Amino acid sequence: MTENVENVEPLELDPLPPDEVAANRARVVAALRSGDYRQGTGALRPADDEYCCLGVVEAVRDAPWRTEDLFGVPDRRLLVAGVTLGASGINATTLTGPAMRWLGVVESNPNVVHGFVTSLVDLNDDRGYSFAQIADVLEAQRPDWDGSYAFCARVVNEEETS
């Protein structure tokens, strides 16, 4: 299959400046609280009008979405560096590389500290947190948060021993 690569974004490897990452995170928190996104589970965009919390990240940063018909089922996909990512392939449920850079995290399913270490997908899909609750958790992360399990475990350990 030939891909239409007009809206494909390149993969950038250099991290963004901390102030830009902080502004991006604030945009995500605001979007999660806005009521503009209907919450869904199981994929970045389980339906045209639904998003998981990581799908909101991709939407807020204006990721290039497109929908294809895959055996009669709408397959919402992201285009990144000439590769189509979607429900039939990788990145159906986690952040793309450009989104990880944009959010300043090193994990495609970022871990967070919430009295314990958990992931954003766990909060959205398994624990049933609302977008407003997820926004509160994101906002509570330290400025140097990188989404890694090691970072979050260290923070929890520091909190328990202080």
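The listed residues are Arg76, Arg45, Arg61, Arg33, and the only one of them that is basic (Lys, Arg) and at pLDDT 95 or above turns out to be Arg33.
Being over 18 Å from Asp125 (Cα atoms) and modelled with pLDDT under 70 holds for only one residue in Val105, Val83, and it is Val83.
Within the set of pairs 6+ apart or on separate chains, which have a first residue in the range 45-73 that is within 17 Å of Thr93 (Cβ to Cβ), a second that is among the acidic types (Asp, Glu) and at pLDDT 80 or above, and C-beta atoms under 7 Å apart? Qualifying pairs under 7 Å: Cys52/Asp125. Among the residues of the range 111-122, those that are in a helix (DSSP H, G or I) and of a type in the set (A, V, I, L, M) comprise Leu120, Val121. Scanning the range 110-158 for residues being surrounded by fewer than 11 Cβ atoms within 10 Å (Cβ to Cβ) and of a type in the set (D, E, K, R) gives a total of 3.
Residue by residue through the range 45-61, note down the ones that are charged (D, E, K, R) and more than 12 Å from the chain's Cα centre (by Cα). Asp48, Asp49, Glu50, listed by residue number. Scanning the range 123-162 for residues being in a helix (DSSP H, G or I), in contact (Cβ under 8 Å) with a residue 12 or more places away in the chain and acidic (Asp, Glu) gives a total of 3.
The values are calculated or read from the model by the stated rules, or taken from the named source; none is laboratory data. Please read these numbers as outputs of a predicted model, since none were measured by experiment. A quick note on method: Cβ atoms are made from the backbone with ideal geometry, for glycine too, and the neighbour counts reach across all protein chains shown.
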